[in-house]
1. Being within 23 Å of the chain's Cα centre (by Cα) and either within 20 Å of L296 (Cβ to Cβ) or open to solvent by less than 80 Å² (accessible area, probe 1.4 Å) (or both) is the filter here; which residues of the stretch 15-36 pass it?
2. Being free of Cβ contacts under 8 Å to residues at least 12 places away in the same chain and crowded, with 17+ Cβ neighbours inside 10 Å is true for just one of R157, R187, R162, R125. Which residue is that?
3. Can you name every residue in the stretch 78-96 that is surrounded by fewer than 19 Cβ atoms within 10 Å (Cβ to Cβ) and under 14 Å from the mean Cα position of the chain (by Cα)?
4. Taking the stretch 44-70 as the region of interest, how many residues are open to solvent by 20 Å² or more (accessible area, probe 1.4 Å), of a type in the set (G, A, S) and not in a loop (DSSP other than H, G, I, E, B)?
5. Take the residues of the stretch 76-100 that are under 21 Å from H194 (Cβ atoms) and of a type outside the set (A, V, I, L, M): which is farthest from the ligand (Cβ to nearest atom)?
6. Return the pairs, sorted by first residue and then second, in which the second residue is among the aromatic types (F, W, Y), the first residue lies in the stretch 212-225 and is more than 11 Å from the ligand (Cβ to nearest atom), the beta carbons are less than 9 Å apart, and the residues are 6+ apart or on different chains.
7. Given the conditions (1) open to solvent by 10 Å² or more (accessible area, probe 1.4 Å); (2) more than 15 Å from the ligand (Cβ to nearest atom), which single one is not true for L197?
8. Among the listed residues A73, A103, identify the single one that is touching a residue at least 40 places away in the same chain (Cβ under 8 Å), within 16 Å of the ligand (Cβ to nearest atom), open to solvent by less than 10 Å² (accessible area, probe 1.4 Å) and part of a loop (DSSP other than H, G, I, E, B).
Amino acid sequence: MKVFCTRRLPGRALERLSAVHDLETWDERLPPPPEELLARAPELHGLLTLLTEKVDADLLAAAPSLRAVSNYAVGVDNVDVEAATARGIPVGNTPEVLTESTADLAVGLMLAIGRRIVEGDAYVRRGEWRTWEPDLLLGHDLHDATVGIVGFGRIGRAVARRCKGFGCEVLHTGRGGGTPLDELLERSDFVTLHAPLTPATRGLIDADALGHMKPTAYLINTARGPMVDSDALARALHEGQIAGAALDVTDPEPLPADHALLEAPALVVVPHIGSAARATRERMADMAVDNLIAGLAGERMPNCANPEAYGAS
Ligand code: DGY
């Protein structure tokens, strides 16, 4: 069957896919433009996408033979899952395998911003370091801090385990309850986001939410950029309303070079690398390929974001 994969993937998983299907891979560094996807859609049976591609209702409508979509990510907010379900198209994703890598990065970002690691590196490289000084680059400890985890699924729990190892008090809020969000924001020294992007979580951390945080607190986002109102965050950082932020994800992504956030003090920003450990990305590729092969065979995907698609159409 005709399959399109929107980028080369680490490891050898795509070799397995091309052994059983007619695979074309987009070899550019940047994503295929939407028109390119639309032009290819009519003949496709399978689509393996990244979070950078929008698989919307228009694209699905242009692909009458499409049988399966496999997303190389745990999040599927780039896919119109409802429209896929209505067509009986299963949408695969890659949960669990990236949980620990993403949790590692979240804790790394807490330390990076709290202990001013990136700032220190830049200071030394600029040749400004003269001597050990009692008040040079003073920051805040992670150990014994109160960490507020927003979204208590697999990744949120993995962050909680790590923070308990640091002797932190851990608060959480999520679909299953926990501490009310306002109270969590008011009490936490580090607020870290781990919820999926949904209509309920889009813009969750807005000016009002930031206003509930302590002036000494840090915001960490390794979930999805649009959970945070970027303009409100830039204002809060410029006005010293919170102590800092460390972001793996942003809105928009990437941030344009002249975005107010990049001018803000006390900000660490990295390019959406939560799952970017070689072994993790190779396992994600294997999972994405396994999902697509199963979907094309009309079998249950090992990891499917919309199992109800199997009963539809
Ligand atoms: C995901 O999987 O959703 C991450 O954001 C990228 O690995």
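1. W26, P31, P32, P33
2. Working: R187 fails: free of Cβ contacts under 8 Å to residues at least 12 places away in the same chain; R162 fails: free of Cβ contacts under 8 Å to residues at least 12 places away in the same chain; R125 fails: crowded, with 17+ Cβ neighbours inside 10 Å.
Only one candidate qualifies: R157.
3. Of everything in the stretch 78-96, those that are surrounded by fewer than 19 Cβ atoms within 10 Å (Cβ to Cβ) and under 14 Å from the mean Cα position of the chain (by Cα) turn out to be N78, P95, E96.
4. Of the residues in that region, 2 qualify.
5. Within the stretch 76-100, the match that is farthest from the ligand (Cβ to nearest atom) is E100.
6. A217/F190; Y218/F190; L219/F190; I220/F190
7. Status for L197: all satisfied but (2).
8. Working: A103 fails: part of a loop (DSSP other than H, G, I, E, B).
Exactly one residue qualifies, and that residue is A73.
The values are calculated or read from the model by the stated rules, or taken from the named source; none is laboratory data. Worth saying up front: this structure is predicted, and the values here are computed from it rather than measured. A quick note on method: Cβ atoms are made from the backbone with ideal geometry, for glycine too, and the neighbour counts reach across all protein chains shown. Side chains included, ligands, DNA and RNA excluded: accessible areas come from the protein's heavy atoms. Shrake-Rupley method; radii C 1.70, N 1.55, O 1.52, S 1.80 Å.
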